[in-house]
Amino acid sequence: MLPQIFTPTAPVTPDLAEMRLVFDRPESLRDAYTHYCPGCTHGIVHRLIAEVLDELGVRERAIIVAPVGCAVFAYEYFNIDGTEAAHGRAPAMATGLKRVLPDKVVFTYQGDGDLASIGTNEIIHACVRGENITVIFVNNGVYGMTGGQMAPTTLAGQVTSTSPFGRDVRLQGHPFHITEMLATMPGVAYAVRRSMHSVAEIRKTKKAIELAFQAQLKGLGLGIVEVLSTCPTNWGIDPPKALDFIKDHMVPVYPLDDFKVHEELRQRK
Ligand SMILES: Cc1ncc(C[n+]2csc(CCOP(=O)(O)OP(=O)(O)O)c2C)c(N)n1
Ligand code: SF4
Ligand SMILES: [Mg+2]
């Protein structure tokens, strides 16, 4: 007789009463297709923000000020109130909203072209004034929406559509560490840099986003989280290589660090 290696059992039918939902869309996101390219981490940053808004219980008070850039339609993807600013002017618009509606939870979502190039003035003066808003700054080192032109954050030597031989710092200047600069201002309560290149870093990014909103909820001043993000389309590499590009090339230039954490946020880290 052959050894019995398989004992047939009754087919497994899931008991629906026993099933537990382990993954769902946060209430703060709409059921919508996004226009982001495959491998772009803008969408994951959206999800992190939405999870934080849900967990803080502020969805119905939240207002996003969307940028000009690839995230121009961000207000379509969040299930919250939202508006659209002219290129780079999101911190000015957020200033007005928060001052007129102080009970609202107001945040800007801005790319590096939006925040560190055309909108440099607006973010600096929002920080100088210590506006009680939250800023999510998505740095992918290029102007993604318009075809991958060189941005102030582009790495030295990096090839872009307007620096085909690589960024030459003697001609085009050095990469701009704007978050470190903003952290020096007394009106800034929280300023950190995080990254999207791994699950562990994504988790840290979510925690930082939560603290940046906590700074606003506690009335401590402006909170900014810079997030290193992919642009596989304009970098001309596939999505896995884009994650490696952040880790191997961006992080050494843009260290993941806490540049300022207000005393009242420290015990919550
Ligand atoms: C006043 C004005 N100047 C220039 C543009 C063209 N423009 C649109 S998006 C963009 C850059 C966006 O880059 P970034 O903020 O880094 O966002 P990303 O697309 O990379 O996420 C530029 C220059 C514009 N729309 N309006
Ligand atoms: S162009 Fe770049 S930043 Fe824009 S959606 Fe595509 S991958 Fe993302
Ligand atoms: Mg960009």
Subject >> Enumeration of residues in region 94-124 that are under 14 Å from the mean Cα position of the chain (by Cα) and either of a type in the set (Val, Ile, Thr) or modelled with pLDDT under 95 (or both) >> reply: THR108
**OP:** Answer yes or no as to whether GLN172 is at pLDDT 95 or above and out of contact with any strand residue (DSSP E or B) (no Cβ under 7 Å at 6 or more places or on another chain).
**Re:** no
**OP:** Consider only pairs whose beta carbons are under 8 Å apart and that are at least six residues apart or on different chains; among these, list those whose first residue lies in region 158-176 and is aromatic (Phe, Trp, Tyr) and whose second residue is part of a loop (DSSP other than H, G, I, E, B).
**Re:** PHE165/VAL159; PHE176/PRO152; PHE176/THR153
Original post:
Taking only pairs six or more apart or across chains, which ones have beta-carbon atoms under 8 Å, a first residue in region 236-258 that is more than 19 Å from ALA156 (Cα to Cα), and a second residue that is assigned to a loop (DSSP other than H, G, I, E, B) and hydroxyl-bearing (Ser, Thr, Tyr)?
Top reply: PRO239/THR230
Subject >> region 125-136, subset within 19 Å of the chain's Cα centre (by Cα) and assigned to a helix (DSSP H, G or I), residue farthest from THR184 (Cα to Cα) >> reply: ALA126
**OP:** Output the number of residues of region 137-150 satisfying the condition of being in a loop (DSSP other than H, G, I, E, B) and either more than 11 Å from ligand 2 (Cβ to nearest atom) or β-branched (Val, Ile, Thr) (or both).
**Re:** 1
Subject >> Tally, over region 153-172, of residues that are within 14 Å of ligand 3 (Cβ to nearest atom) and farther than 20 Å from THR120 by Cα >> reply: 4
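Quick grid of which residues meet (1) more than 22 Å from GLY119 (Cα to Cα); (2) exposed (fewer than 15 other Cβ atoms within 10 Å of the Cβ); (3) in contact with a helix residue (DSSP H, G or I) (Cβ under 7 Å, 6 or more places away or on another chain):
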residue: GLY166; (1), (2), (3): yes, no, no
residue: ARG170; (1), (2), (3): yes, yes, no
residue: HIS177; (1), (2), (3): no, no, no
residue: ILE246; (1), (2), (3): yes, no, no
residue: GLU264; (1), (2), (3): yes, yes, no
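Out of the strands (runs of 3 or more DSSP E) lying entirely within region 159-269, which hold 2 or more residues that are within 16 Å of ligand 1 (Cβ to nearest atom)?
Values: elements: 188-195, 222-228, 258-261.
The qualifying strands (runs of 3 or more DSSP E) are 188-195, 222-228.
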Subject >> Matching residues, region 71-88, being surrounded by 19 or more Cβ atoms within 10 Å (Cβ to Cβ) and over 21 Å from GLU51 (Cβ atoms) >> reply: ALA85, GLY88
**OP:** Give the residues of region 49-71 that are closer than 16 Å to ILE209 by Cα, in contact (Cβ under 8 Å) with a residue 12 or more places away in the chain and away from ligand 1 (no atom under 16 Å from the Cβ), sorted by residue number.
**Re:** ALA50, GLU51, VAL52, LEU53, ASP54, GLU55, LEU56, VAL58, ARG59, ALA62, ILE63
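The values are calculated or read from the model by the stated rules, or taken from the named source; none is laboratory data. Computed from a predicted structure; not experimentally measured. Don't worry about glycine lacking a Cβ; one is built from the backbone with ideal geometry, like all the others, and counts go over all protein chains shown.
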